[in-house]
1. Mind running the shape call on segment 146-193? Use the C-alpha gyration tensor, a ≥ b ≥ c as the square roots of the eigenvalues: rounded below 1.5 for a/c, prolate if a/b tops b/c, oblate otherwise.
2. Within segment 166-188, list the residues whose amide N lies under 19 Å from a label point set 7 Å along Cα→Cβ of Leu200.
3. Taking K and R as +1 and D and E as -1, what net charge do the other residues with C-beta under 13 Å from the C-beta of Glu141 add up to?
4. Using the heavy atoms of the protein chains alone and a 1.4 angstrom probe, what is the accessible area of the chain per residue in square angstrom?
5. Can you list the lysines whose alpha carbon sits under 29 Å from that of Lys56, skipping same-chain ones fewer than 8 residues off?
6. State the volume of the convex hull built on the alpha-carbon positions of the chain, expressed per residue in Å³ and rounded to an integer.
7. Loop by DSSP (not H, G, I, E, B), at most 15 other beta-carbon atoms within 10 Å: where is the longest site-free stretch of the chain for GluC sites (Glu not before Pro)?
8. Relative contact order for segment 78-208 using alpha-carbon pairs under 8 Å, separation at least 6, rounded to a whole percent?
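The values are calculated or read from the model by the stated rules, or taken from the named source; none is laboratory data. All figures in this text were calculated on a predicted structure; none of them were measured in a lab. Positions of Cβ are backbone-derived with ideal geometry, glycine not excepted, and every protein chain shown enters the neighbour counts. Accessible surface is based on the protein model in full, side chains and every heavy atom, while ligands, DNA and RNA are left aside. Shrake-Rupley method; radii C 1.70, N 1.55, O 1.52, S 1.80 Å.
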Amino acid sequence: MTLRVDRVVTSGTFSLDGGTWDVDNNIWLIGDDNEVVIVDAAHTAQPIIDAVGGRKVVGIVCTHGHNDHVTVAPELAEKLDAPIYLNPADDVLWEMTHPGVKHLSLEDDQRIAVAGTDILAIHTPGHSPGSTCLYLPEAGELFSGDTLFSGGPGATGRSYSDFPTIIGSIRDKLFALPAETKVHTGHGDGTTIGTEAPHLEEWIRAGS
């Protein structure tokens with residue numbers, strides 16, 4: 001079967017540090033006609049279930065633990081009989097939304113097999129301690145969560161985030177990938193590694 005990537009967009013709220021913001025989230029489905037991995041579990045389960053379309057769900061992989069990326073992970077896990085993966089450094093965030101609900105650990109360099117290829121987990125802390133990007137080497141595609149966007153790094157102005165850390169993650173891990181790598185982001189439009197890499201120094205100047 002041919003590997004494909006599908007996008008679902010759901011809308012809801014992100015809450016942290018006493019504030020709440022309206023957000024639209026990208027949920028990515030990586031797979032073929034038989035099986036799929038869900039990247040993030042935002043806001044509403046049914047549109048994601050509809051996009052799965054009866055395929056076997058290998059896993060529900062959360063790029064980080066902010067509530068807007070994990071909202072319906074337990075519901076999806078139950079309805080689709082699939083495990084949830086999250087880097088344990090984000091357990092403090094996970095517990096704010098799903099206290100006591102267990103998940104599997106998503107570790108740096110871990111590989112998840114789907115549709116005849118491997119998804120490689122790349123731990124990229126900064127936006128949150130456990131933020132993790134997912135890389136498809138064979139397809140040349142990266143799922144960056146809230147670590148890298150079109151136009152700059154993810155936000156670091158709230159609890160459990162750190163600007164120098166996210167810059168280091170992007171510089172050392174993401175910008176080491178081929179320039180033509182497509183970047184599928186957690187919100188908004190995508191980009192490429194080659195489009196963003198020349199702007200690193202200006203991001204550092206603006207954020208320091």
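1. oblate
2. 166-184
3. -1
4. 42 Å²
5. Cross-link targets: Lys79, Lys102, Lys182.
6. Normalising the Cα hull of the chain by residue number yields 103 Å³.
7. That would be 1-106.
8. 18 percent
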